[in-house]
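Report on the following structure.
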């Protein structure tokens, strides 16, 4: 399992430095107070030097532990190799700290008189071996948490690709079905619809590799789709737009509006003979993008369960929103008093990056 290296992050090194600095301060304070209580006061600055030197020698060891937890974790399928690597790391840590005491004792002053190396090594084992394994536990916890997040991210991306693969045939079939309905009745209208369909498909394929697009781009695609539908329904379909200029730069899921409008036309406007209106509204408010698609069509019968009877378009839309935004979005579909349906979506507002190549 490949994960992004923890040690590549400056936050990791900042956390390591902060932890061992705090550890040195706490240890120095405890030793200072303990010696004072025993009637053998030692200046706090002198104690701080030895404590800081001991603590900061743990920094390279901590880096080693995190590296081993990432590269040689003790996990199913490679327990032996992982355990062997960590045992070797623990032995290296014990030896490293023993050698550091021998080499630095003259400057730091851990011992008034340096004992034989064997005694220093044994003391290092007692002081450091089990601390190494505590750090290894922390490193493994961080490794497995990060791996789980990456698995969730890959799963969400795979789900989005699957949903998009489902959306394109569904969208193309419905658009072609709309065009075919006019071929014999009004060939000139059918030609205009085919031209709009060409523009629509060109736009969707141009952004096929992206999950999010600027709202302005999404609205242009929606206009092409609605021109096709208006050519089909003629005077029976009216469209109203209420677009907040501040919302046009917002990032939104690609083809998120078309299924909602398609649902309004198919289930709200088409079943009745009287003219109907579809209204598309967007607004930016307090860091949130609000989108609404409303129709004044036939409405819904009492007790209608959208969760169990949603078609491909609505079900796909809800699944994509969950995969992209999780709990940071809201999706509501409800009947409008007097007839019709309103679909409301709320997303965290994030401005799309401008394409500098198109800037005059």
When restricted to 17, 66, 114, the only residue in the same structural domain as residue 135 (by TED's automatic domain parsing) and without any contact (Cβ under 8 Å) to a residue 24 or more places away in the chain is 114
Return yes or no: is residue 90 in a loop (DSSP other than H, G, I, E, B) and either without any contact (Cβ under 8 Å) to a residue 40 or more places away in the chain or in the same structural domain as residue 60 (by TED's automatic domain parsing) (or both)? no
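A quick yes/no check of all residues on (1) at pLDDT below 90; (2) surrounded by 20 or more Cβ atoms within 10 Å (Cβ to Cβ); (3) within 25 Å of residue 322 (Cβ to Cβ):
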position: 225; (1), (2), (3): yes, yes, yes
position: 234; (1), (2), (3): yes, no, no
position: 237; (1), (2), (3): no, yes, no
position: 245; (1), (2), (3): no, no, no
position: 254; (1), (2), (3): yes, yes, yes
position: 259; (1), (2), (3): yes, yes, yes
position: 267; (1), (2), (3): yes, no, yes
position: 273; (1), (2), (3): yes, no, no
Candidate set: the range 21-56, residues that are farther than 19 Å from residue 98 by Cα and buried (at least 17 other Cβ atoms within 10 Å of the Cβ); chosen: the one nearest to the chain's Cα centre (by Cα): 27
Here the residues within the range 299-318 that are modelled with pLDDT of 80 or more and farther than 21 Å from residue 281 by Cβ are none
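The values are calculated or read from the model by the stated rules, or taken from the named source; none is laboratory data. Keep in mind that what you see is a predicted model, and the values were worked out from it rather than measured. Heads up, the Cβs are rebuilt from the backbone with ideal geometry, glycines too, and the neighbour counts pull from every protein chain shown.
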